[in-house]
Amino acid sequence: MARNSYRDGRSGKGKGMHSLEKALPLHVRFLNRVAMLRGMRHLRKWGIVALAAGLAVWLGLWIKEQVDAQSENFQIRTVDYTSAGIVSKEQALELMGLKGNENLVTLNTGKLEKKLLEYSFVSSARVTAELPATLHVELSERVPVVRLFCEDMADADKYFMDPDGFVFPCDHRLHARFLGIPIWLNPCADGSRIHAGVKLDRDEFMPIVRLLRLIYARDNVPVVRVVSRPKEWKLVVELETGTEAVFVNDDTLDEQISRLIMALRHAKEQKRHIRHILLAPKMGIPVEYGEGPYTEADDEEDAPAGEDED
């Protein structure tokens, strides 16, 4: 038992012998059998640790070498891109921060989708990778119907609005072909409510959107430059010809547009210019021509016989 205690160094007697061993000269301790056994145990322990670490390093380097050898086979070679046509494929890759030669195996498509959705003019995005070399990108952009102009805003005409009332910033590079769409003048009394990401109240914007849709459905109405809603019942449109048309916000908007077309055609036949016209239903159409207001005497003098302006 004494011998085992000395070997293990765990008993009191063993500790004493261990202290005695330390007092011996180095070369004597080196040749001491017990010390050699203890050293061998430590050597085996750390040898196994070193071997395991070496194997891990070798395995990591081998995996990296295999991935690097195959990386060229998994680079993006084809981009399958679908969108509304506002953002091009090249612009979408730029928004995602891609150069087009990334490795699909290590590409984080979820992170790319989040990057696209950071732009408020993007309503939805889906990015998927198809090995070995195809990247699929499905992008849905917000299509502007009006530009918003508030006199109290620092950037008065910086924002667009889509048909759902969602406000997003105007990007002159992406939205160049939409810069000529109608301007909604003073969409709210307080311009501070207009900023990217806000959605306007449906009761506020829907009459504007509905009127523009009805006008766009007609081929013979001049281009609308400005639209406003100064009162809840009143919609005012300024055409590119300089004509200001006042509509009543009710269910007869389509009929009022027909009246506008008829009045514009009559004025063209008479070679006259309509400055202002009120299209209220169930009444005559007050029209102001040129520099002076329209009167019945003008109508009797200029209108062809048998033709009456309705």
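Numerical summary
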{"quantity": "Environment charge of R173, counting only residues whose C-beta is closer than 13 Å and scoring Lys/Arg +1, Asp/Glu -1", "calculated": "-2"}
{"quantity": "Estimated FRET transfer efficiency when R0 is 51 angstrom, pair T78-R44 (beta carbons, to 0.05)", "calculated": "0.35"}
{"quantity": "The stretch 151-265: C-alpha gyration tensor shape, a/c 1.5 cut-off, then a/b vs b/c", "calculated": "prolate"}
{"quantity": "Loop sites in the stretch 104-176: trypsin sites (Lys or Arg not before Pro), DSSP, at most 11 other Cβ within 10 Å", "calculated": "R173"}
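We did not get these values from a lab; they are worked out from the coordinates using the rules stated. All values reported here derive from a predicted model rather than from experimental measurement. As a convention, Cβ positions derive from the backbone with ideal geometry for all residues, glycine included, and neighbour counts pool all protein chains shown.
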